[in-house]
Amino acid sequence: MKKISRREFIKTSFATAGTVVASSGMAKAANAVPRREEPLATLIDISKCIGCEECVFACQESNATKFPKPKKPFPKMVPTSRVPVEDWSEKQDVTDRLTPYNWLYIQHAQVNVDGEEIELTIPRRCMHCENPPCVKLCPWGAAKQEDNGLSRIDSDLCLGGSKCKTVCPWDIPQRQTGTGLYLDLLPSMAGNGVMYKCDRCYDKLENGEKPACIEACPEDVQIIGPRDEILKQAHKIAKEIGGYIYGEHENGGTNTIYVSPVPFDLLNKKIETGVGKPHLFKVKDLMADGTNIAKAMIIAPIAGVLAALGKIHMQSKEKK
Amino acid sequence: MKKTLRIRNLIYFFTLFFIALSGFAQMPIFKRYYIADIPGLGWLAQFYVTHYIHYISAVIFIGFATYVMVDFFFVKIKYDKFSFVAYTKIASIIGLIVTGTLMMIKNLSGTPFSAGFIIFLDISHLGLCMILISLTAVDLIKGQIKLFSNEITK
Ligand code: SF4
Ligand code: SF4
Ligand code: SF4
């Protein structure tokens, strides 16, 4: 049985019963942990990274208990041609791409900075979008976003349908077959495992600790803090080095802000991209069109009421 | 009157058809089961497209439902003998609109609801949809609703 956090409890009761808790003791208790309530972002200063992979190993070590423990043999899934078995359990030491056992990896780019040919190394993982499609479009609520801006996939609820990966602009979540809830439902008919990705060490943050990758980095490449402060800092660094920013506006804004000494479209050409290896393209806000339709929704009931009143008015006129 | 009822029924069924189809497409099933491979149905596997279609048909459906509700309050013609099934259908439609609207709010930027409440919304929305579809299917089979004729039998 999982413990429901106090904040979660307050929000559930608020939403269901519509209780006004603002002035109650519960609301005051929730405010006692203010840091968790505001969106936190990370700043990744690419020019500082030396590509030592300390962060990668720290992430693997720190999150090892969350990694999948698939049961074999895997259930036969239909149709086999459309439901590929994705098994990383024998390849847990792969660190050159994202996998269910590797939520962070280092990309390499040979670039020219001030006439000098250098190699830049870029830590890559989930961007923790401000309005994350992986969370919002998950049909079961298995992916969740927390008030502090992180998004994570609940491995007890995920069915491994991979929709989150399809709708993610960077194809971040990675699937492991043979684990999770689908095994207890209709394993051959629906689902195919569990999706895994960086959860920004949500459990560490809950305890007031820093994510493992940030803690382990010998070069202090990453910092974490309130998003507006992180953005200020990012712009300050970018100004100092004549650099560029990625993640501020991508997909409508993310909670991962990169600063680079070279433009990101150049970096994007130099890094290896593909399956499990995210790009650095500009990304438009993928949830924006849905948001606009949702806002237009307000006219629907008004139009319905007006149409009905119009009809009734006409009918009463006819009767007279 | 009969003509209005027939038009009403047609709007109701077509909106309900698209809303249900695009709703089921929110689950990753149409590609898996080759339905999106049928020419003309490729859009069923495009999650953003089905997301918009679901929203747009919801706008039409809510507009239509409010029209019917207001009309119902003012013109009480032969509506008084609703069966239990009819009341269940009305309740599930209201439930679908309420849960659906809350889900649209959830999809705006921010975290207005708890994770547990979102799961409740997801599951109840699907459950209410299954109830409505089953009852409508039974009515269609029993011939109590005639889609393309002028009559509505009681
Ligand atoms: S630990 Fe720091 S310096 Fe080393 S690869 Fe990771 S981010 Fe770069
Ligand atoms: S980057 Fe992808 S996986 Fe991460 S929050 Fe955004 S949509 Fe979700
Ligand atoms: S924040 Fe945590 S889970 Fe995410 S990459 Fe860093 S160590 Fe891994």
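Built from the Cα atoms of region A:85-174, the convex hull projects on average onto 7.8 nm², one quarter of its surface area.
Across region A:119-217, Cα-Cα pairs more than 17 Å apart make up 53 percent of the total.
I want to make sure I understand the PRE zone here: with the label point 7 angstrom from the Cα of A:Glu37 toward its beta carbon, which residues in region B:105-124 have backbone N atoms less than 16 Å away? Only B:111-114 pass the distance filter.
With θ taken as phi - 60° and the Karplus curve 6.51 cos²θ - 1.76 cosθ + 1.60 applied, the whole-hertz 3J(HN,Hα) list for region B:103-110 is 5, 5, 5, 4, 7, 6, 4, x Hz, x standing for glycine and proline.
On the basis of the beta-carbon distance and an R0 of 45 Å, B:Leu10 and A:Phe281 show a calculated FRET efficiency of 0.50.
With all projection directions averaged, the alpha carbon convex hull of region A:242-302 covers 6.0 nm².
Remark on A:Ala41: its backbone amide H falls under 5 Å from those of A:Gly225, A:Arg227, a criterion applied only to residues 5 or more positions apart or on other chains, H modelled at 1.01 Å from N. Within the listed set A:Pro139, A:Pro75, A:Pro301, the Gaussian network model of chain A (springs between alpha-carbon atoms below 10 Å) gives the highest mean-square fluctuation for A:Pro301. Interface residues of region B:110-125, defined as a loss of at least 40 Å² in heavy-atom accessible area between the chain alone and the complex of all protein chains with a 1.4 Å probe, are B:Thr111, B:Ser114, B:Ala115, B:Phe117, B:Ile119, B:Asp122. The lysine pair count for chain B, using Cα distances under 16 Å and pairs eight or more places apart or on different chains, is 14.
The alpha carbon centroids of region A:210-234 and region A:107-161 are separated by 15 Å. Buried surface for the A/B pair, taken as the accessible area of each chain alone minus that of the pair with a 1.4 Å probe, is close to 4100 Å² in total.
All Cα-Cα distances of region B:1-140, cut into 10 Å bins from zero to the largest, leave 10, 37, 34, 15, 4 percent in each bin in turn.
Semi-axes, largest first, in whole Å: what does sqrt of 5 times each Cα gyration tensor eigenvalue give for region A:69-128? Could you put the intermediate results ahead of the total?
Details: eigenvalues 272, 32, 20 Å².
Largest first, region A:69-128 gives 37, 13, 10 Å.
Share of carbon and sulfur in the accessible area of chain A stands at 56%, probe radius 1.4 Å.
For region B:1-76, carbon and sulfur atoms together expose 78% of the accessible surface, with a 1.4 angstrom probe and every protein chain in place. Counting, for every residue in A:154-166, the Cβ atoms of other protein chains within 10 Å of its Cβ and taking the mean gives 2.
Where Rh is the Kirkwood radius over the Cα pairs of the protein assembly as shown, the temperature 4 °C and the viscosity 1.567 mPa s, what D in µm²/s does Stokes-Einstein return?
The calculation lands on 52 µm²/s.
Around the amide H of A:Tyr196, modelled in the peptide plane, lie the amide H atoms of A:Gln174, A:Arg175, A:Gln176, all under 5 Å away and 5 or more residues distant in sequence or on another chain. Averaged over the residues of A:125-135, the number of partner chain Cβ atoms lying within 10 Å of the residue Cβ comes to 2. Only Cα pairs under 8 Å and 6+ residues apart enter the sum, and on that basis the relative contact order of region A:2-319 stands at 22 percent.
Here the average projected area of the convex hull drawn through the C-alpha atoms of region B:1-76 stands at 5.9 nm². In order along region B:10-15, the Karplus-derived 3J(HN,Hα) couplings, from 6.51 cos²θ - 1.76 cosθ + 1.60 at θ = phi - 60°, round to 5, 4, 4, 5, 5, 5 Hz, and Gly and Pro are given as x. With the simple model of a label 7 Å out from the Cα in the direction of the Cβ, A:Val78 to B:Val98 spans 3.9 nm.
Using the 1.4 Å probe convention, the accessible area of chain B works out to 55 Å² per residue with neighbouring protein chains retained.
Among the trypsin sites (Lys or Arg not before Pro) within region A:76-167, those in coil by DSSP and having at most 15 neighbouring Cβ atoms inside 10 Å are A:Lys76, A:Arg82, A:Lys91.
A DSSP coil position with no more than 16 other Cβ atoms inside 10 Å describes the following chymotrypsin sites (Phe, Trp or Tyr not before Pro) in region B:22-86: B:Tyr33, B:Tyr34, B:Tyr79, B:Phe82. Straight-distance candidates among the aspartates and glutamates for linking to A:Lys236, with alpha-carbon spacing under 17 Å and chain neighbours fewer than 8 residues away dropped: A:Asp45, A:Asp220, A:Asp228, A:Glu248. Per residue of B:98-105, other chain Cβ atoms within 10 Å of the residue Cβ number 2 on average.
Could you give me the ³J(HN,Hα) list for region A:279-285, computed from phi with Karplus coefficients 6.51, -1.76, 1.60 and θ = phi - 60°, whole Hz, x at Gly and Pro? Going residue by residue, I get 7, 10, 5, 5, 10, 6, 6 Hz, with x marking Gly and Pro. Cysteine residues of chain A whose Cβ has no partner cysteine Cβ closer than 4.7 Å: A:Cys49, A:Cys52, A:Cys59, A:Cys129, A:Cys138, A:Cys158, A:Cys168, A:Cys201, A:Cys217. One Cα centroid belongs to region A:34-84, the other to region B:19-52; the line between them spans 29 Å.
The values are calculated or read from the model by the stated rules, or taken from the named source; none is laboratory data. Worth saying up front: this structure is predicted, and the values here are computed from it rather than measured. Using ideal geometry, Cβ is built from the backbone for each residue, glycine included, and neighbour counts are taken over all protein chains shown. Surface areas here come from the heavy atoms of the whole protein model, side chains and all, with no ligands, DNA or RNA. Shrake-Rupley method; radii C 1.70, N 1.55, O 1.52, S 1.80 Å.
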